[in-house]
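Comments concern the structure below.
The values are calculated or read from the model by the stated rules, or taken from the named source; none is laboratory data. What you are looking at is a predicted structure, and each value in this text was computed from that prediction instead of being measured. Here the Cβ is made from the backbone with ideal geometry for all residues, glycine too, and neighbour counts use every protein chain on show.
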Amino acid sequence: MKRFNTWHIILVCTLWILAFIWLTVCIGLSSQSGKETGELSTSIARFGAGTFNLPSTSILILNKKLRTVAHVVCFFVLSGLMGAACAVTFPARTASFSWPLLPCVLFAFMDEIHKVNIPGRHCSISEAWLNAAGCVIGCTVLGIILYVIRRSK
């Protein structure tokens, strides 16, 4: 069995901790009421409009696009962190980065289903597919990065 150095163990632990912190953030955002999530996305849209000197009439459009992109980004980061943690934990398995894909996609759909019980929220299959797309894109981007790294060695 291959022995790992201290830095490798620190990297493995750090990636798993970051992955589970991000999972907690995703669950926290998903568990907000409709009012809370609306206020959060609107405040971010207002900030973006102000930062880029956009007219106040663009806040509604920016808010809608922001909410759509947030689904993809949240699960992109989640699957990327989980995949990176698996890749570093099991370096001899070249496809280990993809192991979290199925659990992340299942979580993406369960995340939407659980919103039925949250005031002001709803279950949206199209949003579940956006979540799943984020998972697939995250694992794909990570796979490409790892492939390039391995080829350069």
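Looking at the range 99-126, which of the residues that are in contact with a Ser or Thr (Cβ under 8 Å, 6 or more places away or on another chain) and part of a helix (DSSP H, G or I) is farthest from Gly34 (Cα to Cα)?
First, pick out the residues of the range 99-126 that are in contact with a Ser or Thr (Cβ under 8 Å, 6 or more places away or on another chain): 100-101, 104, 111-112, 114-115, 118-121.
Imposing the further condition that a residue be part of a helix (DSSP H, G or I) reduces the set to 101, 104, 111-112, 114-115.
Numbers: Leu101: 28, Cys104: 24, Asp111: 15, Glu112: 13, His114: 13, Lys115: 10 Å.
Residue satisfying both the conditions and the ranking: Leu101.
Across the range 3-52, the qualifying residues are those that are closer than 28 Å to Pro103 by Cα and in a loop (DSSP other than H, G, I, E, B), and the one among them that is modelled with the lowest pLDDT is Phe4.
Within the range 58-95, restricting attention to residues that are hydroxyl-bearing (Ser, Thr, Tyr) and farther than 22 Å from Gly34 by Cα, the residue that is modelled with the highest pLDDT is Ser79.
Among the candidates Leu78, Leu40, Leu60, the residue that is of a type in the set (A, V, I, L, M, F, W, C), more than 26 Å from Ile10 (Cα to Cα) and surrounded by 15 or more Cβ atoms within 10 Å (Cβ to Cβ) is uniquely Leu40.
Annotation note: of Phe97, Phe90, Phe109, the sole residue that is buried (at least 20 other Cβ atoms within 10 Å of the Cβ) and either touching a helix residue (DSSP H, G or I) at 6+ places or on another chain (Cβ under 9 Å) or touching a residue at least 40 places away in the same chain (Cβ under 8 Å) (or both) is Phe97.
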